[in-house]
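A quick write-up on the structure given underneath.
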Amino acid sequence: MSKSVLYDAQGPRAKQRNILYTALFVVALAALVWWVYSALDEKNQLDWALWKPYLGGGTEAYTTYIWPGLENTLKAAALAMIIALPLGAVLGIARLSDHVWVRVPAAIVVEFFRAIPVLVLMIFGLALYAQYTDVSSDDRPLYAVVTGLVLYNASVLAEIVRAGILALPKGQSEAALAIGMRKNQVMRLILLPQAVTAMLPAIVSQLVVIVKDTALGGAVLTFPELLASASTMSGYYGANTIASFTVVAVIYIVINFSLTSFASWLEGRLRRRKKSTGAVLGVQDTTDIGGAAGTGTAA
Amino acid sequence: MFDFLEGYDVLGAFWTTVQLTLLSAVGSLIWGTLLAAMRVGPVPLMRGFGTAYVNIVRNIPLTVIILFSSLGLYSTLSISLGAGDDVDTANFRLAVLGLIVYTSAFVCEAIRSGINTVPVGQAEAARAIGLSFTQVLFLVVLPQAFRAAVGPLTNVLIALTKNTTVAAAIGVAEAALLMKDMVEKEAQLLLISAIIAFGFCCLTLPTGLILGWVGKKVAVKR
């Protein structure tokens, strides 16, 4: 339903009322801004010295702290995505299997890892590498973050793959079976290639979730990523917590907003395409804050 | 086998998790509904505000928001939400605030998706009998939208339950922090993880199943 359906075209009185509401809202917003400003000012958080490392034209803060942190964030996110995708595909296809002994274990694994917070998986990973492997203590946080992200996202991606395949019209697999293909061929040659295209927007928006979750590694597991560099910087530049967090938050917003926009653009493009079956798994189909357990669907 | 559990308050930690979840759920449901109302309303400035809020908050990691509410609001600006010098209470309240700020963006989107399922004719008929925008929204559209939004809202609630673990980053004594503590001190990694995992399964899986059933039950048959 489009927005305009909820209200009529505005006449003179409605327009006046709108102006009144706008004015009231402006006043409320201004009060909020002023309150934030005075709170910051009172604690001297607006001093130029605190913001200078980021806005003063110098690149030291960016090259020494932010970029290495960002690099680690992107590295962990990329590794997690690359490892989770094939795992997720296998689990997703296994859930669609005709054999109960394949379908049920896959379903249990997927539902289990979707029911558990990523942080718990990361803490588990950290202790696991510390106690049972000889991964050096410098590498452990990265390993733990990637392990946690892979376990969780593989099961979310499994649901996306499953939904992607189920979204294809039934005629596709029926036609393939009718010309004598085996089940394996139908999946490999007919369903999966089409499902991958249909899933692309959902996969890209899952990447946003992964990037956001890497921040957990910085806050809890001493993984030196972007958020951790904010704490380091505010120590180094003299307690400029507000400034450091603002800069880091803006960087996250820019990265994730471009990913989200790319996903929506992709979705629109796929929907408009005439060649395909029209099955698209949209951005909205993955719950951005991390899927859900028990409901049994990602779509 | 479970001897090592004596020194730890596992149930208490999960109770904190539940409290965090419920308080944030109520708060974000209210704020999220208001945001959704702003986003579909006739006042352009409010629409812009709602859209900007959702797009900004959705793209910041929750960890950044929660850590900021402790390091930025509490330590730097001395905002303790009425908890005074009691650090634990302050951190708990700030964690709830952070969770509300973050989750309400997703609640807003869930409700908006619910509004989209209400047929155009409903709103048109409501307007035709002379209802105003607020009446159309709150008497006709939202009641139907909420029924359709139970499914998406359930997903948000489950994600919120899992997201409360992020409060461990600012030292709120909930399940994930307890797990971290136990794992460092006891040599029972698999058992500890199994207990914590079981606890979260107990919280999230029934929520999904029960609310999933409720969602199907209340959905408007069209």
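Bear in mind that the values in this text are calculations on the coordinates, not laboratory data. A quick note: this is a predicted structure, and the numbers were derived from the prediction, not measured. Every residue, glycine among them, receives a Cβ derived from its backbone with ideal geometry; neighbour counts consider all protein chains shown.
The angle separating the long axis of helix A:140-166 from the principal Cα axis of greatest extent in chain A is about 50 degrees. Each label was represented as a point 7 Å from its Cα along the Cα-to-Cβ direction; for A:ARG17 and B:ARG222 these points are 2.6 nm apart.
The residues neighbouring B:GLY50, those whose beta-carbon lies less than 10 Å from its own, together hold a net charge of +3 under the Lys/Arg +1, Asp/Glu -1 convention. For region A:206-277, trypsin sites (Lys or Arg not before Pro) meeting the loop criterion (DSSP other than H, G, I, E, B) and having at most 13 other Cβ atoms within 10 Å: A:ARG273, A:LYS274, A:LYS275.
With each label modelled as a point 7 angstrom along the Cα→C-beta vector, the B:GLU124-A:ASN44 pair spans 6.5 nm.
Relative to the dominant Cα principal axis of chain A, helix A:241-272 is inclined by about 30°. Counting only Cβ charges, +1 for Lys and Arg and -1 for Asp and Glu, the dipole size of region A:1-117 around its Cα centre is about 500 debye. To the nearest ten degrees, helix B:189-218 and the longest principal axis of the Cα atoms of chain B are 20 degrees apart. About its Cα centre, chain A has a charge dipole of approximately 1520 debye under the convention of +1 per Lys or Arg Cβ and -1 per Asp or Glu Cβ, with nothing else charged. Could you work out [θ]222 nm for chain A from helices alone, using -39500 (n - 2.57) per DSSP H run of at least four and dividing by all its residues? Round to the nearest 500 deg cm²/dmol. Using -39500 (n - 2.57) per qualifying helix, the result is -24000 deg cm²/dmol.
Projecting the Cα atoms of A:LEU270, A:ALA202, B:SER78 onto the dipole axis of the protein assembly as shown, where Lys and Arg carry +1 and Asp and Glu carry -1 at the beta carbon, places A:LEU270 farthest toward the positive end. A simple rule links phi to the HN-Hα coupling: the Karplus curve 6.51 cos²θ - 1.76 cosθ + 1.60 with θ = phi - 60°, which for region B:170-183 gives 10, x, 6, 6, 10, 4, 5, 5, 4, 4, 4, 4, 5, 4 Hz, with x for Gly and Pro.
Can you give the local net charge around B:SER24? Use residues other than it whose beta-carbon is closer than 13 angstrom to its beta-carbon, Lys and Arg +1, Asp and Glu -1. Counting the neighbours of B:SER24, the net charge comes to +1. With an a/c value of 1.5 or above and a/b not larger than b/c for the gyration tensor axes a ≥ b ≥ c computed over the alpha-carbon atoms, region B:9-218 is described as oblate.
Here the dipole of region B:12-169 is about 460 debye; that uses its Cα centre as origin and unit charges on the Cβ of Lys and Arg (positive) and Asp and Glu (negative). A protection proxy built from the mean count of other Cβ atoms within 10 Å ranks the segments B:97-109, B:9-21, B:44-56, most packed first, as B:97-109, B:9-21, B:44-56. A simple count of charges around B:VAL101, restricted to other residues whose Cβ falls under 14 Å of its Cβ and scoring Lys, Arg +1 and Asp, Glu -1, yields +2. Pairs exceeding a 29 Å alpha-carbon distance, out of A:LYS212/B:LYS180; A:LYS183/B:LYS216; A:LYS52/A:LYS212; A:LYS75/B:LYS185; A:LYS170/B:LYS216; A:LYS212/B:LYS216: A:LYS183/B:LYS216; A:LYS75/B:LYS185; A:LYS212/B:LYS216.
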